[in-house]
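The values are calculated or read from the model by the stated rules, or taken from the named source; none is laboratory data. Since we're looking at a predicted model, the values are computed, not measured. Methodologically, a virtual Cβ is constructed for each residue, glycine included, from the backbone with ideal geometry; neighbour enumeration extends over all protein chains shown. Side chains are part of the model used for accessible areas, which takes the heavy atoms of the whole protein and leaves out ligands, DNA and RNA. Shrake-Rupley method; radii C 1.70, N 1.55, O 1.52, S 1.80 Å.
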Amino acid sequence: QVQLVESGGGLVQAGGSLRLSCAASRSIFSINAMGWYRQAPGKQRELVARISSGGVIYYADSVKGRFTISRDNAKNTVYLQMNSLKPLDTAVYYCNAREGLVPYDYWGQGTQVTVSS
């Protein structure tokens with residue numbers, strides 16, 4: 001089992017930047033993939049970015065070129081650097097850890113990101 005704690009959310013103006021952090025309660029070295037999802041009011045939760053244990057990275061089209069995901073295995077932490085933020089990026093952002101041959105998902109409690117126009 002692993003607990004995930006997000007931080008770094010907040011209120012920012014359009015065009016600004018935020019860096020989200022996700023601290024895991026144990027080593028993330030062997031976790032298949034760490035990712036960030038978001039859920040805006042009235043919408044489904046969507047995958048924003050994911051990084052595998054081998055370093056393979058996926059980004060949703062809507063954030064390519066603006067967001068960067070990274071992981072620091074020594075600190076058991078995953079980051080999401082968000083630049084050029086838009087009002088459409090407003091959502092609760094959730095950290096996700098996917099582990100196991102039959103993948104099991106762990107979730108953080110979420111952190112609110114609000115981008116004002």
Exercise for the section: Round to the nearest 0.05 the FRET efficiency obtained for Y58 and S25 when R0 = 25 Å and r is the Cβ-Cβ distance. Expected result: 0.55
Problem - Where labels lie 7 Å past Cα in the beta-carbon direction, separation of A74 and V102 in nm - result: 3.8
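Using a 1.4 angstrom probe, figure out how much accessible area the chain has per residue, in square angstrom, rounded to the nearest whole. Don't skip to the end; give the middle numbers.
Numbers: 6170 Å² over 117 residues.
Roughly 53 Å² per residue, with all protein chains present.
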Exercise for the section: Just grab the label-to-label distance for S17 and S84, each label 7 Å out from Cα along the Cβ direction, in nm (one decimal). Expected result: 1.3
Problem - Label point at Q112 placed 7 Å out along Cα→Cβ; residues across segment 20-47 whose backbone nitrogen lies under 12 Å - result: 41
Exercise for the section: Using a 1.4 angstrom probe on heavy atoms only, work out the carbon and sulfur share of the accessible area of the chain in %. Expected result: 52
